[in-house]
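Take a look at the structure below.
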Amino acid sequence: MNTIDFLVRKDQLAVTELRETPEDSLNEGQVRLTVEKFALTSNNITYAAFGDAMNYWGFYPAENGWGRIPVWGFGRVVESQHSAVSVGEKFYGYYPMSSSVVLQPARPSDEGFFDGAEHRATLHPVYNNYARCSADPFYTPPTEDVQALLRPLFITSWLIDDFLADNNFFGANDNGPGLMLLSSASSKTAYGTAFQLAQRRGIEVIGLTSAANLDFCRSLGCYHRVLPYDQLDHVAKDAACVYVDFAGNAGLRKAIHTRFANLKYSSSIGGTHVAQLGGAKDLPGPRATLFFAPAQIKKRNAEWGADILGQRLLQAWQGFVAKVGDPVAPWLVVEHHVGPDAVKTAYAEVLGGHSDPRVGHMLSLAANTPA
Ligand SMILES: NC(=O)c1ccc[n+]([C@@H]2O[C@H](COP(=O)([O-])OP(=O)(O)OC[C@H]3O[C@@H](n4cnc5c(N)ncnc54)[C@H](OP(=O)(O)O)[C@@H]3O)[C@@H](O)[C@H]2O)c1
């Protein structure tokens, strides 16, 4: 059998190649999984854009300037040389954009395993963990696509909301409702954050988005107000506010820091505006601070214990999934792209940022994979 890898040039993300190579035979302790399906969103493009700086290329190395972008999805074991992992089992986790992958299970448990491959030893454990679907409380067969598309994003959304509330919104609501300004409001991670923030009192959630995505953001109902990027002047310049930045757009960040004299905190979450990324030095107001989700998880684990944290996340997730999949007005409509050519086209669309924000792209390079 051959495996198909989708490769991108690390320094030119629009240059791609589909490479087919014979599968290596397994060593003792290894397993082979078919990557049945995976989600592709701006989050994965951000992994690539920050691939060198944050070592995202390190998970699935490729040679000579090429990279394999990590994606969230489902794999099924088709060959096993490990006694704790059986052929036929399904795992949720962090895969390459490939038709199959070889992993080396370590620390196996009922819940799953960690990939113990040497080159991943120094990478963050959250990305090395593979959850056994048969024992995973988040897993239900009908929500597989939604899980691949939203689960890693919503966990971040939940943690951002929790972090802001935990810090009393940095004093933004001390004298009346504080404004939470969310850029790339149409992104899944931003609207997940707004969904959580909307359940809080004493704050107003304002979505900032491009003109093309205004109607979509307004249709969600989780933002108190939605404004296009060029209408910051519709918000009072002395408003007490917090900037929650999913776009990473240097010009927008500067405009926000310059306009809002009462900016209490500036949180850098993402970089959807890949062509406008830039540094945050010498800005007026608070320092733009990178949001580090694992730090908030660690804090809550210590304060609440892993079980309570897990239960709260699961409960919030179930509420979110019900909203997103509303049969009358769904926030997310899934499109499947199966096969090498379809994957290539979907990648170009997501990279270019021209996708309908209501569409979630599910991809597969594996043959005979059910949608
Ligand atoms: N720090 C963390 O732990 C963490 C975790 C999860 C996600 N994130 C980050 O959050 C961001 C959102 O990810 P997502 O997967 O939720 O995004 P998504 O749903 O795929 O977002 C799509 C939206 O992003 C904007 N966009 C995408 N590509 C663009 C382009 N080429 N040019 C201009 N705008 C573009 C557009 O929004 P607008 O028109 O509204 O701007 C578009 O509607 C990513 O940067 C991701 O890395 C960070």
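The values are calculated or read from the model by the stated rules, or taken from the named source; none is laboratory data. The structure presented is a predicted model; accordingly, all values stated were derived computationally and were not measured. Positions of Cβ are generated from backbone atoms using ideal geometry, with glycine treated the same way; all protein chains shown enter the neighbour counts.
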### Message
Show the residue pairs meeting these rules: Cβ distance below 6 Å; 6+ apart or different chains; first residue within the range 291-310 and in contact (Cβ under 8 Å) with a residue 40 or more places away in the chain; second residue surrounded by 12 or more Cβ atoms within 10 Å (Cβ to Cβ).
### Response
F291/S267; F291/I269; A293/T156; A293/L159; Q296/L159; Q296/F163; R300/L309
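So that you can scan it fast, the table gives a plain yes or no per residue for (1) part of a strand (DSSP E or B); (2) acidic (D, E); (3) within 18 Å of the chain's Cα centre (by Cα):
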{"position": "L33", "(1), (2), (3)": "yes, no, no"}
{"position": "K37", "(1), (2), (3)": "yes, no, yes"}
{"position": "M54", "(1), (2), (3)": "no, no, yes"}
{"position": "R76", "(1), (2), (3)": "yes, no, no"}
{"position": "H82", "(1), (2), (3)": "no, no, no"}
### Message
For the range 146-177, which positions are buried (at least 18 other Cβ atoms within 10 Å of the Cβ) and not in a helix (DSSP H, G or I)?
### Response
A172, N173
#### Entry: Test: residue in the range 138-145 that is within 16 Å of the ligand (Cβ to nearest atom), charged (D, E, K, R) and either within 30 Å of G251 (Cβ to Cβ) or modelled with pLDDT of 95 or more (or both)
yes
### Summary
Scanning the range 228-254 residue by residue, the ones that are under 22 Å from T41 (Cα atoms) and assigned to a helix (DSSP H, G or I) total 3
#### Entry: Criterion violated by A302 - all others in (1) within 15 Å of the ligand (Cβ to nearest atom); (2) part of a helix (DSSP H, G or I) satisfied
(1)
### Query
Hey, among the residues in the range 174-224 that are farther than 26 Å from Q315 by Cα and acidic (D, E), which one's farthest from the ligand (Cβ to nearest atom)?
D174
### Query
Filter the range 105-136 for residues that are charged (D, E, K, R) and in a helix (DSSP H, G or I); which is nearest to the chain's Cα centre (by Cα)?
R120
### Query
Identify, please: which residue in the range 254-290 is in contact (Cβ under 8 Å) with a residue 40 or more places away in the chain and among the aliphatic types (A, V, I, L, M) and is, among those, nearest to S187 (Cα to Cα)?
I269
### Task
Restrict the check to the range 268-279 and report whether at least one residue is touching a Ser or Thr at 6+ places or on another chain (Cβ under 8 Å) and away from the ligand (no atom under 14 Å from the Cβ).
no
